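The values are calculated or read from the model by the stated rules, or taken from the named source; none is laboratory data. All of these numbers come straight from a predicted model, not from anything done at the bench. All Cβ positions, even for glycine, are placed from backbone atoms using ideal geometry, and neighbour counts span all protein chains on display. Only protein heavy atoms, including side chains, enter the accessible area calculation; ligands, DNA and RNA are left aside. Shrake-Rupley method; radii C 1.70, N 1.55, O 1.52, S 1.80 Å.
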Amino acid sequence: VIAQPTVLWEKSFGTAPFSVCTAIASTTDGGSLLAGTWQNMQGEFCYQVIRISVQGEILWSKLVGNGNDNHCKAMAPAPDGGWLLAGVSKDISGNDKIYIVRFDTSGRLLWERKYGGPGKAKCAAVLSAPDGSWFIAGSYDGGAGGDVTSASRGKCDYWLLRINATGKKLWDKTFGDA
């Protein structure tokens, strides 16, 4: 016999025409941080971050990157208890860039940066390193330039980017073969 799980609580978060949660993480006090993409009534997409208590009550909620086509794809905890969110944002020429947003534990925006080159960059995952730097994993399709030191070798390659604790690019590598 398999025991049926007990639902402790159930809540719905988000408003407007479109809200999707793409990442969740637990916090040190037993609560959670939800991250995803939210669309406003004008059709613009931005990152949405919601911090909830262990009972599911909203402690704070933030929208970042409004006015562009921004889609949150991943999240990772920072060594200081804050959070790094990563995803994709279109630039004015329509190319996708990796868009990184850093929050502290109270939801204050510390910094935000975009990374990419003349081609299209996508983000799939983020990972904090023991020294406080970050690894950003994704893909890139295009030529060298901007933050990309080597052109993609085929239609689309893996792209690994390492940034320091304040978002400065340390290095990047593309992996793939034509």
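Can you say whether ARG153 is open to solvent by 20 Å² or more (accessible area, probe 1.4 Å) and part of a strand (DSSP E or B), as far as the supplied structure shows? So ARG153 fails the test.
All conditions but one from (1) open to solvent by 20 Å² or more (accessible area, probe 1.4 Å); (2) of a type in the set (A, V, I, L, M, F, W, C); (3) more than 25 Å from ASN40 (Cβ to Cβ) apply to LEU59; the one that does not is (3). Could you tell me whether THR6 is closer than 23 Å to TRP134 by Cβ and loosely packed, with under 13 Cβ neighbours inside 10 Å? No: the conditions fail for THR6. Could you check region 1-107 for strands (runs of 3 or more DSSP E) lying wholly inside it with 2 or more residues that are of a type outside the set (A, V, I, L, M), farther than 23 Å from GLY167 by Cα and at pLDDT below 90? Fully inside region 1-107 and qualifying: 18-26, 32-39. Taken together, the residues in region 25-44 that are open to solvent by 40 Å² or more (accessible area, probe 1.4 Å) and either in contact (Cβ under 8 Å) with a residue 24 or more places away in the chain or among the small types (Gly, Ala, Ser) (or both) amount to 6.
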